[in-house]
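Worksheet: one structure, shown below.
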Amino acid sequence: MLALEGIEKRFGALAALTGIDLEVAAGEVLGIVGPNGSGKTTLLNTVTGVYAPSSGRILFQGTDITGWKGHRIARLGIARTFQNIRLFPSMTVFHNVWSAQHHLVAGGLLGLLRSLPTAGSTDTKKVEAALNQVGLLQDREVLARHLPLPARRRLEIARALVVDAKLVLLDEPSGGMTPAETADMAELIREIVAPGRTCVVIEHKMALIADACTRLCVLDFGRKIAEGSPGDVLADAAVREVYLGADDGPDA
Ligand SMILES: Nc1ncnc2c1ncn2[C@@H]1O[C@H](COP(=O)(O)OP(=O)(O)O)[C@@H](O)[C@H]1O
Ligand SMILES: [Mg+2]
């Protein structure tokens, strides 16, 4: 579904990504792991058009999207969440999801203002379905800034669901969460891929990786150093050396 071929991304003298070849198959949950600064977020940024890669190609469902602008890539069905959550803090939960839907129509924000939600309309129902899936329907009138962190992360995911994204990219979705909240997030990730969606998730927490990921890719200094099933990758001596550091294993 997604293929990266020889992706390189430089920031001046710094090679943030070097020679990344990666395929993501439909229906999988691919975990991207690696130390801080290893290029994980940069990888998502090149796929979503925040940056064009310095070299290499990106194919989504056979279409070469290398160098495309973000809004055009989004329209093909790729959605993401951010390591530092990006919502409209002064808008309600409902309107945060509503606005994601309307970024896709001509007119952008102006179009949104002209097309205020009508109870029972198809668009309203889609927002409600997305909110229901992430467990936020009862909070629909709450301002985003008043939500606790786990709910804000779920709200970002609802913004991806409402546009029917085929590929959802999550950047550290359990950051700052307790173990119980992390387990809920793993469950939500499994639920959102169930209807034929595909997910790439950047994650540190072994609990989430073990519960949600079907495959792992390990980055170190912008290079892919391992790839495979979570069991195999986490047993790999080189990975343990680079990523896990200590013999007593990772944080849960
Ligand atoms: N916009 C940017 N300008 C310059 N350097 C950047 C930029 N974005 C990321 N980097 C650098 O690229 C490297 C990889 O960063 P990043 O992808 O954020 O790592 P990770 O998400 O794995 O922690 C880091 O050294 C970081 O400082
Ligand atoms: Mg990052």
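The values are calculated or read from the model by the stated rules, or taken from the named source; none is laboratory data. Keep in mind that this is a model prediction, so the values were computed, not measured. Here the Cβ is made from the backbone with ideal geometry for all residues, glycine too, and neighbour counts use every protein chain on show. Side chains included, ligands, DNA and RNA excluded: accessible areas come from the protein's heavy atoms. Shrake-Rupley method; radii C 1.70, N 1.55, O 1.52, S 1.80 Å.
Hey, could you check the stretch 126-141 for residues that are touching a residue at least 40 places away in the same chain (Cβ under 8 Å) and buried (at least 20 other Cβ atoms within 10 Å of the Cβ) and say which is farthest from the chain's Cα centre (by Cα)?
Top of the filtered list is Leu136.
If you go through the stretch 148-159 one residue at a time, do you hit one that is modelled with pLDDT of 95 or more, in a loop (DSSP other than H, G, I, E, B) and not acidic (Asp, Glu)?
Yes - at least one qualifying residue is present in the stretch 148-159.
Going by what's in this entry, would Glu187 be described as more than 28 Å from Phe60 (Cα to Cα) and among the acidic types (Asp, Glu)?
When the stated conditions are applied, Glu187 does not pass them.
Looking at the stretch 1-42, which of its residues are in contact with a Lys or Arg (Cβ under 9 Å, 6 or more places away or on another chain), near ligand 1 (Cβ under 7 Å from one of its atoms) and not polar (S, T, N, Q)?
Hits for the stretch 1-42 are Ala16, Gly34, Gly39.
Please work out which residue is surrounded by the fewest Cβ atoms within 10 Å (Cβ to Cβ), limiting yourself to the stretch 54-86 and to residues that are without any contact (Cβ under 8 Å) to a residue 60 or more places away in the chain and either within 13 Å of ligand 1 (Cβ to nearest atom) or under 12 Å from the mean Cα position of the chain (by Cα) (or both).
Ranking the qualifying residues of the stretch 54-86, first place goes to Asn84.
Got a number for residues in the stretch 161-188 being assigned to a loop (DSSP other than H, G, I, E, B) and crowded, with 24+ Cβ neighbours inside 10 Å?
Filtering the stretch 161-188 for residues assigned to a loop (DSSP other than H, G, I, E, B) gives 163-166, 172-178.
Right, trim to crowded, with 24+ Cβ neighbours inside 10 Å and you get 173-174.
Residues meeting the conditions: 2.
Which of (1) away from ligand 1 (no atom under 16 Å from the Cβ); (2) among the small types (Gly, Ala, Ser); (3) in a strand (DSSP E or B) is the odd one out, the single condition Gly196 does not satisfy?
Just one mismatch for Gly196, condition (3).
When you go through Ala144, Ala158 one by one, which is the residue that is open to solvent by less than 40 Å² (accessible area, probe 1.4 Å) and touching a Phe, Trp or Tyr at 6+ places or on another chain (Cβ under 7 Å)?
Values: Ala158 fails: touching a Phe, Trp or Tyr at 6+ places or on another chain (Cβ under 7 Å).
Only one candidate qualifies: Ala144.
How about the stretch 38-53: which of its residues are of a type outside the set (S, T, N, Q), in contact (Cβ under 8 Å) with a residue 40 or more places away in the chain and open to solvent by less than 30 Å² (accessible area, probe 1.4 Å)?
Passing the criteria: Gly39, Lys40, Leu43, Leu44, Val47, Pro53.
For the stretch 202-210, state whether one or more residues are over 12 Å from Val97 (Cα atoms), modelled with pLDDT under 95, within 13 Å of the chain's Cα centre (by Cα) and not acidic (Asp, Glu). Spell out how you get there, then give the answer.
From the stretch 202-210, those over 12 Å from Val97 (Cα atoms) are 202-210; that's our starting set.
If we keep only those that are modelled with pLDDT under 95 as well, we get 203-210.
Still in the list and also within 13 Å of the chain's Cα centre (by Cα): 203.
Next cut, not acidic (Asp, Glu) only: none.
No, every residue in the stretch 202-210 fails to be over 12 Å from Val97 (Cα atoms), modelled with pLDDT under 95, within 13 Å of the chain's Cα centre (by Cα) and not acidic (Asp, Glu).
Taking only the stretch 17-37 into account, find how many residues are surrounded by fewer than 23 Cβ atoms within 10 Å (Cβ to Cβ) and within 13 Å of ligand 2 (Cβ to nearest atom).
Summing the residues that are surrounded by fewer than 23 Cβ atoms within 10 Å (Cβ to Cβ) and within 13 Å of ligand 2 (Cβ to nearest atom) in the stretch 17-37 gives 3.
Please determine, by comparing only the residues of the stretch 166-201 that are modelled with pLDDT under 95 and in contact with a Gly (Cβ under 7 Å, 6 or more places away or on another chain), which one is nearest to Leu17 (Cα to Cα).
Checked the stretch 166-201; the qualifying residue nearest to Leu17 (Cα to Cα) is Val193.
For the stretch 3-16, give me the residue count where each residue is away from ligand 2 (no atom under 16 Å from the Cβ) and loosely packed, with under 12 Cβ neighbours inside 10 Å.
2
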